[in-house]
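Novice: So that we are looking at the same thing, I have put the structure below in structure tokens.
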Amino acid sequence: MIEDNPGDFTLVEEFLLVQIEAPRITHAHNYKEAKAMLSNTDAVYDVILLDLSLPDKTGSELISDIVGISNNAPVIVLTGYADFDFGVQSIAQGASDYVLKDELTSLTLYKTILYSLERRKIVASLEESEKRVRSFAKQLSVVVEEERARIAREIHDEFGQQLSGIKMSLSALKNVNKGHPDIAPVIDVIVDEVNHSIQSLRKISNELRPVLLDKLGLFAAIEWLINEFKRKTGIAGHFEANSDQPFINKDMEINIFRICQEALTNISKHAEATRVNIEMVSEDGVLHIKIIDNGKGINAGVLRDPLSSGLLNMRERAHLIGSEINITSLVNKGTTIELIANTNGKENINS
């Protein structure tokens, strides 16, 4: 219990003794003492009762700091201030509950502690389950990208070579039959069809796994992507990088590329935009990417819908690489997708 008022500490201690047999209660009189106790790895606390006004720290800052060093123990705020909005804010900061001292009884305190402990167990179980699911999703993403790369190589190397061989054979056949002018036009038509097939194979191979991404890196691949987008859709597009490309690991590169690819696909299908800009800035180990369109915007309901497939795909990919993604939209004024990725190997705080 973190409480500077001796009277309040004694009262809460009595409440605990009424409901709990032989509780082990540790008393911290201020934030400094509490920090020293919670930083001791040998001490394990089941629950933390926190007074909101301490001599050396108060309010939101106090809650945030105690939650940060709580080692996942539930933090129950006990206060004399009846401020509903601040209570909601406390919960948002990670406090397990917010209880008024004037309304406190031994039974309500006991129930609050029990509920907080049960919630913590459920949350811990959900977090562990989510970690397993996300670990599987990350492995699956790697396997899918490796398979895409393998298929792209097979298409390029095997079918590409076979078609090139057919083209060479047709050219040889044309030279052999120079005395038959009626055959040459037929061969020319077949050669054109083979050339078209070669171009189609290159296109399919590139869409499966862009060669530029592996050879020249992310910035060049994104520039190619926006140029292809302009060519296919007729929508004006512009790419701008205000810094040199930092070192980015392959896993992060492909996921950022897929996020941009998904964003452009959504824009072409739904936005009714006439222009798209992609901006990339790298500074202090953080890569900022903005995809901005001037379309009709995204409906607020769709934006909040956790199951919207296109948005879900982008958010999941951002989470896989420990990045933060923010999507803002105004009706008839377009949409901005901002991706913040740490290229120094650290996860984004808000990921």
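Novice: Let me have the 222 nm mean residue ellipticity of the chain computed from DSSP H runs of 4+ only, each contributing -39500 (n - 2.57), with the sum over all residues rounded to the nearest 500.
Specialist: -17500 deg cm²/dmol
Novice: Spin-label point model (7 Å from Cα, Cβ direction): what's the S125 to N71 distance in nm?
Specialist: Result for the modelled spin labels: 2.4 nm.
Novice: Further question: For the range 130-155 and the range 262-337, compute the distance between their C-alpha centroids and round to whole Å.
Specialist: Cα centroid of the range 130-155 versus Cα centroid of the range 262-337: 23 Å apart.
Novice: Tell me, what is the percent relative contact order of the range 1-152, built from C-alpha pairs under 8 Å that lie six or more residues apart?
Specialist: Here the relative contact order equals 21 percent.
Novice: Taking loop as defined by DSSP and a crowding limit of 13 other beta carbons within 10 Å, which GluC sites (Glu not before Pro) in the range 1-65 fit?
Specialist: For GluC sites (Glu not before Pro) across the range 1-65 that sit outside H, G, I, E and B with at most 13 neighbouring Cβ atoms in 10 Å, the list reads E21.
Novice: Can you tell me which of G160, G285, G87 moves the most in a GNM of the chain? Springs connect C-alpha atoms under 10 Å apart.
Specialist: G87
Novice: Turning to a different aspect of this structure: Any chance you could run the full-extension gain for T10 through K290? It's 0.36 nm times the residue separation minus the Cα-Cα distance, nm to one decimal.
Specialist: Answer, rounded to one decimal: 95.2 nm.
Novice: Still on this structure, please answer the following. Normalised by the empirical 2.2 N^0.38 Å for globular proteins, what value does the Cα Rg of the range 162-302 take?
Specialist: Cα-based Rg divided by the globular estimate yields 1.48.
Novice: Let me ask something else about it. On alpha-carbon atoms, Rg over Rh for the range 238-322 using Kirkwood Rh?
Specialist: Rg/Rh for the range 238-322 comes to 0.98.
Novice: Please give the per residue volume of the convex hull enclosing the alpha carbon atoms of the chain, rounded to a whole number of Å³.
Specialist: 184 Å³
Novice: Treating cross-link reach as a plain straight distance, find the aspartates and glutamates whose alpha-carbon is under 19 Å from the alpha-carbon of K101, omitting any fewer than eight places away in the same chain.
Specialist: Output for K101: E3, D4, D8, E13, E14, D51, D83, D85.
Novice: Could I ask something else about it? Using a 10 angstrom Cβ neighbour count of at most 12 plus a DSSP loop assignment to flag exposed trypsin sites (Lys or Arg not before Pro), which longest range of the chain is free of such sites?
Specialist: For trypsin sites (Lys or Arg not before Pro) (loop position, at most 12 other Cβ atoms within 10 Å), the longest site-free span of the chain is 179-332.
Novice: On to the next question. Going Cα to Cα from K178, which lysines come in below 26 Å? Please leave out same-chain ones fewer than 8 positions away.
Specialist: Partners within reach: K167.
Novice: Please work out whether the range 60-177 counts as rounded, prolate or oblate from its C-alpha gyration tensor, where a ≥ b ≥ c are the square roots of the eigenvalues and a/c under 1.5 means rounded, while otherwise a/b larger than b/c means prolate and anything else oblate?
Specialist: Prolate.
Novice: Additional query: Taking a threshold of 19 Å on the Cα-Cα distance, which of the pairs K32/K121; K230/K290; K35/K57; K32/K111; K174/K203; K230/K250 fall above it?
Specialist: Checking Cα-Cα distances, K32/K121; K32/K111; K174/K203; K230/K250 exceed 19 Å.
Novice: Using Cα-only point scatterers and the Debye equation, what is log10 of I(q)/I(0) for the range 98-162 at each q in 0.17, 0.18, 0.20 Å⁻¹, rounded to two decimals?
Specialist: -0.76, -0.79, -0.84
Novice: With a cut-off of 8 Å between alpha carbons and a minimum separation of six or more residues, what is the relative contact order of the chain in percent?
Specialist: Taking the mean separation of contacting Cα pairs over the length of the chain, I get 10 percent.
Novice: Relative to the first principal axis of the alpha-carbon coordinates of the chain, what is the inclination of helix 184-208, with its axis defined by its Cα atoms, in degrees from 0 to 90 and to the nearest 10?
Specialist: Between the helix axis and the principal axis of the chain, the angle is about 10 degrees.
Novice: Helix 309-320 versus the longest principal axis of the chain: what angle, 0 to 90°, nearest 10, using Cα atoms?
Specialist: With rounding to tens, the tilt is 70 degrees.
Novice: Angle between the Cα long axis of helix 218-233 and the longest principal axis of the chain, 0 to 90 degrees, nearest 10?
Specialist: With rounding to tens, the tilt is 60 degrees.
Bear in mind that the values in this text are calculations on the coordinates, not laboratory data. All values reported here derive from a predicted model rather than from experimental measurement. We place every Cβ from the backbone using ideal geometry, glycine too, and count neighbours over all the protein chains shown.
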